[in-house]
4 protein chains.
Amino acid sequence: MRRDDYLQKPVKHIKISGALTVDQLMQQFRNSGSFGAGRLAKACDVYEKMVRDEECTVFLALSGAVVPAGMRAVIADLVRSRLVDVIVCTGATMVHDAIEALGGHHYKGSWVVDDEELFKYHIFRIYDIFVPEEDYVRIDYQLAEMYREIAAKRKGERLSSDEFAWELGKRLKDPNSILRAAYEAQVPIFIPAVRDSEFGFIHWLHASQENQKDVLVLDAFKEVPRICEICSKSPRNGMIVIGGGVPRNTVQSAAIASKTGMDYAVVVTMDRPETGGLSGSTLKETVSWGKVKGEADKVMVIGDALIVFPLIVASVVERLGSGFARVPYLRRLQADGGGSK
Amino acid sequence: MRRDDYLQKPVKHIKISGALTVDQLMQQFRNSGSFGAGRLAKACDVYEKMVRDEECTVFLALSGAVVPAGMRAVIADLVRSRLVDVIVCTGATMVHDAIEALGGHHYKGSWVVDDEELFKYHIFRIYDIFVPEEDYVRIDYQLAEMYREIAAKRKGERLSSDEFAWELGKRLKDPNSILRAAYEAQVPIFIPAVRDSEFGFIHWLHASQENQKDVLVLDAFKEVPRICEICSKSPRNGMIVIGGGVPRNTVQSAAIASKTGMDYAVVVTMDRPETGGLSGSTLKETVSWGKVKGEADKVMVIGDALIVFPLIVASVVERLGSGFARVPYLRRLQADGGGSK
Amino acid sequence: MRRDDYLQKPVKHIKISGALTVDQLMQQFRNSGSFGAGRLAKACDVYEKMVRDEECTVFLALSGAVVPAGMRAVIADLVRSRLVDVIVCTGATMVHDAIEALGGHHYKGSWVVDDEELFKYHIFRIYDIFVPEEDYVRIDYQLAEMYREIAAKRKGERLSSDEFAWELGKRLKDPNSILRAAYEAQVPIFIPAVRDSEFGFIHWLHASQENQKDVLVLDAFKEVPRICEICSKSPRNGMIVIGGGVPRNTVQSAAIASKTGMDYAVVVTMDRPETGGLSGSTLKETVSWGKVKGEADKVMVIGDALIVFPLIVASVVERLGSGFARVPYLRRLQADGGGSK
Amino acid sequence: MRRDDYLQKPVKHIKISGALTVDQLMQQFRNSGSFGAGRLAKACDVYEKMVRDEECTVFLALSGAVVPAGMRAVIADLVRSRLVDVIVCTGATMVHDAIEALGGHHYKGSWVVDDEELFKYHIFRIYDIFVPEEDYVRIDYQLAEMYREIAAKRKGERLSSDEFAWELGKRLKDPNSILRAAYEAQVPIFIPAVRDSEFGFIHWLHASQENQKDVLVLDAFKEVPRICEICSKSPRNGMIVIGGGVPRNTVQSAAIASKTGMDYAVVVTMDRPETGGLSGSTLKETVSWGKVKGEADKVMVIGDALIVFPLIVASVVERLGSGFARVPYLRRLQADGGGSK
């Protein structure tokens, strides 16, 4: 590279002279273009490209307390408007969704609090959010009943986690529920560690109430080819990762196993790369594996997803405008009677 | 509290005047007693208490790249000497163990590297570690064959992840293997997100080679009561968490579901609490849930586990001395012909 | 506290159904009210209160690369509209301002780059920003000349860093310069570590060109009573801290020394509390010192200031509307002919 | 690079089979060689090289609460044994040293505490350390008296911060004091932001007690050529940075201004690079500036300095053995009657 090549794009300074829409501010961040602001602006651009690409399947990987944090309606809306095509998440995320779907709530609290008193009061704390135990107990019994119904209906068939999620979604009536919205929009929800959540303990309750032959069975491996097939059929794939952990790893691994590699990638996390954990690993590193393509549009934003993700969504929704309607490739494929990549 | 109560324990300054053993330095950290050094010294104390408590079951939760990082022999030794009674880990951890057990290696590398070149060379990068693809391919075929054998032997029985881990351990001959050591020592290894790892893709390969009725089935929920029973039978329980994610959550949730709550807890992580994710959540927060008891001996060390955990192990091994032999409660219980808490 | 007290405020879920202004999104964050989003919404509220409080002096503490990052015009505008009454910053911040005031630029770059090549090209890197050495050389000579003029004018008087900053501001003509805006608006800029920046090396150059008696002298301690007096005269004080380091410490220490204690505080940082450094210390900790009042409106946002601070400013500017004009207490006091608290 | 070049150095697994000295563990970390452990092992090697290099000047940059944390004696010993040749630090570091030198203490406390109660009790908190206000008051009066003496002795001469530090060291009798040890060993201590600490408020007290002509004056810029000259006279320079902030910046800037560039560098910090702040910036980035040479032996350890730095010191002290005596280059130069590089 010549010297001049490094000095092509002067930073344009941000100007805030009155009310700005979220996207107007993101456009300014694109012009300043550096540090977190530059990465955030790029993340908006990459997500916009994903959803405008009619041949791209958009994966949303969710970990952490996104539902308690108030992102439930945002995600349900993304599902309904097909700005997300596949969800991969922790069990807890969908447990939190089910809690609210069945009338429970998450409450604004504080992290400077007497946790032993909370324990006595049967109130659970998630940083500065409180959830009363009765909201968990309520879903324990109602979901155990759903497990019974699902097992009866599927007659001994072993379910994958995405089949399980749709069976739950079908039985939840709350229109703001992510599980419900995903069922209605036929957006798959994969929960690779489904056992590691209240869903696992509800299963224990359910199993204790039934004859062994009537117990719902989830097959840990059944989903593997299912998510890979989605990747391999799509001409292009993109991912948005909130946090990290198993959801991020599952999406990225599907991209290897299907011999595709993501074409677009946005990761929002506070985790660090230096310890070698997957959650903080850079997108550059993913290229060595073929998880993300070297030439992919990709960016990692270091920040609190509960600030950053709504900014990205608000910016992209504003850009798309009210007339935008998305029919994802796989849906069109189904409508056309199938086919392969 | 009276004013004087706050001013009881002056910091004793660390003195390094010649060669020190690891534990001698940790003793000095206990005397200085503040910031990371104070927490690390306490972590050594808590782990020592756990292993000296003959009625305590010690859970080790592993996430991140502990095996590539060179901790494989340390963990296998902890298993063999029964300083760990139960392991809960990511799939990747045991995949990495199997890679080395079958002759593969992890290589010291660098994070300042051309990842597109690595991709062309079929070399995978984990921060500053490299793994050649052929080491993965080798386990793909050898493990697929083991899957076939296990399925044949178990004749359609659905396995839990810990049964699966022992079946693998039985078939791996490398004495330095964690899977092998755990099988020999009858230390359970739970892998709640087993599907989210090469184990999942090996299953796909295996399933493609067999008739459907001969395919190995892992039951996602089968392990739930198994791990809870261990907690509930032990008079006391302790956990050491490296990283966070599903392994930490699984151990903590077992402590709730079994209505026990950990009596001892050491967490080593770089994750932050503020985003609400489980991995960075404080031990104080776990008290509200009953995951860890309010009165438990507990400490969270903010640091790189690959530095911190060997220090803890070295310090405790030094304190225990060569004559120390541990027979865990559950083993004695079995020897006595069972019984309940 | 009774159990019900903990469960008063259910999280209201964020809804993004079309274009939102920045403040509309911040209002939604206030309603969801948790994790980073809740803290950010509170930060907007606290800053709004500060500027609407006619008896409050607003301190802005700046560290890190805020000018290279594109925040120069935002800060100059805050100064001009008196939404900031006092700046405390690193030397580098004002060096960066002077670079742009004298025709230099910061350039958008990348952190994945060959730094040895940059060195050969005399291009300096600040994470993903590039600055050519000639822009530094230019200010070296022009500022050395200003030093000469200032020394000649002040005739051996020893200057404090804020006097020095105004002398520079007077000589810089660029209307977008923070130094210029502060001089015009008579907003003090304290630079407690002024020597630790290009200003120090320019001084060396200047001193080499002059007789010793004609050399500009900055008195390290002269500013101490000056900043304390501002605190002590103001009925109330508030601070906004970007980053940490010396600027944060200087503002907080002024609040102790003047026996006031901040009434409002917003800190935006990525630094951690656990290592005991000032930059990551919690606002709760500052209460023990009297740096911030126990009853103060205060919040710490964990995040990249280059994302978070523009959001706060945009939200507050939107709330204030175009008709808002602020005359700070100390200005009114001067207009009234002085007086004390 | 050829494929094989990437796969040269297999990770050797750590083995802990009995008591290990600190350096024995560090040797194992060198063999595992990855993540934090690899970096820490390299840091030990780099520091060893620095002190064994008879033509290297070793700079130690200190920020954060190293003295309250119990590192005071370690640093004083490094100074006395000339394993450190120059200290650059925050004002607070030397204030904490003076507090202990004059009979005060830092106390082990907790961060889960009622800070408003501490405020009422006049106890200051530094994360999990407490300091009673009376220990500050004591130094206020005793140091103000020293300021008076120094001013009288130096008769209107303006001091640099390193001259000031030696004047204090001369007057402190505590042999464990860093200030005292540095005075005795003639190790310069630069405090670029000396005004931003209790030293500044003591000056205010002192100035209020004296006639203006008898007030001690510190010249902010006087130290600049002094530290640069040390760099430029030394055939080689090395730095160890604890934390970041002004001390790190001052050392690195001296290396530019003296047109040298560090030959060795160890940085221990928890700060992140992404926000563009100096404290978290990578050593790779410093190369573009010429602060550190491209070919330098350099490593950044991400971790709590209060854990990491004692490990480095203990490891290197063990390697050097009891017979090792270091005479730094600049001392030999002085003994030889001066000279230049």
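A cut-off under 15 angstrom between Cβ atoms defines the neighbours of D:K155, and their net charge, with Lys, Arg +1 and Asp, Glu -1, is -2. Distances between copies at C:G156, taken between label points 7 Å from Cα along the C-beta direction, are 0.8, 10.6, 10.6 nm in increasing order. Reducing the range C:214-249 and the range A:236-260 to their Cα centroids gives an inter-centroid distance of 50 Å. Per the Cα gyration tensor, the range D:100-258 maps to an equivalent ellipsoid with semi-axes of 29, 23, 15 Å, ordered largest to smallest. Charges were assigned to the Cβ only: +1 to each Lys and Arg, -1 to each Asp and Glu. The resulting dipole of chain B about its Cα centre is roughly 1360 debye. When chain D is described by a simple charge dipole with +1 on each Lys and Arg Cβ and -1 on each Asp and Glu Cβ, the residue from D:L40, D:G91, D:F201 located farthest towards its positive end is D:L40.
Rg/Rh for the range B:224-263 (Cα atoms only, Rh after Kirkwood) is 0.94. When its C-alpha radius of gyration is set against 2.2 N^0.38 Å (N residues), the range D:34-85 gives a value of 1.29. Within the listed set A:V84, A:V67, A:V287, the residue fluctuating most in the Gaussian network model of chain A (springs between alpha-carbon atoms under 10 angstrom) is A:V287. Residue of chain C with the Cβ closest to the rotation axis carrying C onto B, and that distance rounded to whole Å: C:R272, 4.
Restriction of the GluC sites (Glu not before Pro) in the range A:20-76 to DSSP coil positions whose beta-carbon has at most 15 other beta-carbons within 10 angstrom yields A:E54, A:E55. For the range B:253-258, backbone phi angles converted through the Karplus equation (6.51, -1.76, 1.60; θ = phi - 60°) give residue-by-residue couplings of 5, 4, 5, 6, 4, 8 Hz, Gly and Pro being listed as x. Just so you know, the Rg over Rh for the protein assembly as shown is 0.96, from Cα atoms, with Rh as the Kirkwood radius.
Sorted fewest first by neighbouring Cβ atoms within 10 angstrom, A:K120, A:K49 come out as A:K120, A:K49.
Can you pull the Rg over Rh of chain A, Cα-only, Kirkwood? My calculation puts Rg/Rh at 0.99. If you take all C-alpha pairs in the range A:16-59, what percent of them are over 11 Å apart? The calculated P(r) of the range A:16-59 puts 66 percent of pairs beyond 11 Å. Legend: P(r) of the range B:282-341 from all alpha carbon pair distances, 5 Å bins from 0, whole percents, reading 4, 13, 12, 11, 18, 22, 14, 6, 1. Only the Cβ atoms of Lys and Arg (+1) and of Asp and Glu (-1) were treated as charged; on that basis the dipole of the protein assembly as shown about its Cα centre amounts to roughly 0 debye. In this assembly of identical copies, the label point of B:S110 (Cα plus 7 Å along Cα-to-Cβ) is separated from its counterparts by 1.8, 4.8, 5.2 nm, sorted shortest first.
Quick one: Debye curve from the C-alpha atoms of the range C:190-289, no solvent, what's log10 I(q)/I(0) at q = 0.14, 0.20, 0.23 Å⁻¹? Once normalised to I(0) and log-transformed, intensities are -0.65, -1.01, -1.19. Under 18 Å of direct C-alpha separation, and excluding same-chain neighbours fewer than eight residues apart, D:K49 reaches these lysines: D:K293, D:K298. Annotation for the range B:39-91 versus the range A:14-90: alpha-carbon center distance of 40 Å.
Comment: the Cα-to-Cβ extended label point of A:K49, at 7 Å, lies 4.0, 4.4, 5.4 nm from its counterparts in the other copies, nearest first. When peptides B:113-119, C:232-238 are sorted by average Cβ neighbour count within 10 Å, with the highest value leading, the order is C:232-238, B:113-119. Neighbouring Cβ atoms from other chains, within 10 Å of the Cβ of residues in A:245-252, number 5 on average. Could you tell me what % of all Cα pairs in the range C:1-106 have separations over 18 Å? Roughly 65 percent, once rounded to a whole number.
For the range D:37-49, putting each phi into the Karplus relation 6.51 cos²θ - 1.76 cosθ + 1.60 with θ = phi - 60° gives couplings of 5, x, 5, 4, 4, 5, 4, 4, 4, 5, 5, 4, 4 Hz, in residue order, rounded to whole numbers and with x for Gly and Pro. Note on B:S81, D:S177: ascending count of other Cβ atoms within 10 Å places them as B:S81, D:S177, the fewest first.
Over all pairs of different C-alpha atoms in the range C:95-168, the reciprocal of the mean inverse distance, the Kirkwood hydrodynamic radius, equals 14.1 Å. Each listed q (0.17, 0.18, 0.28 Å⁻¹) maps to a log10 I(q)/I(0) for the range C:253-322, found by the Debye formula over equal Cα scatterers with no solvent: -0.72, -0.78, -1.17.
Any read-out appearing in this document is the output of simple, stated calculations on the displayed coordinates, not a laboratory observation. All figures in this text were calculated on a predicted structure; none of them were measured in a lab. Note: ideal-geometry Cβ built from the backbone for every residue, glycine included; neighbour counts use all protein chains shown.
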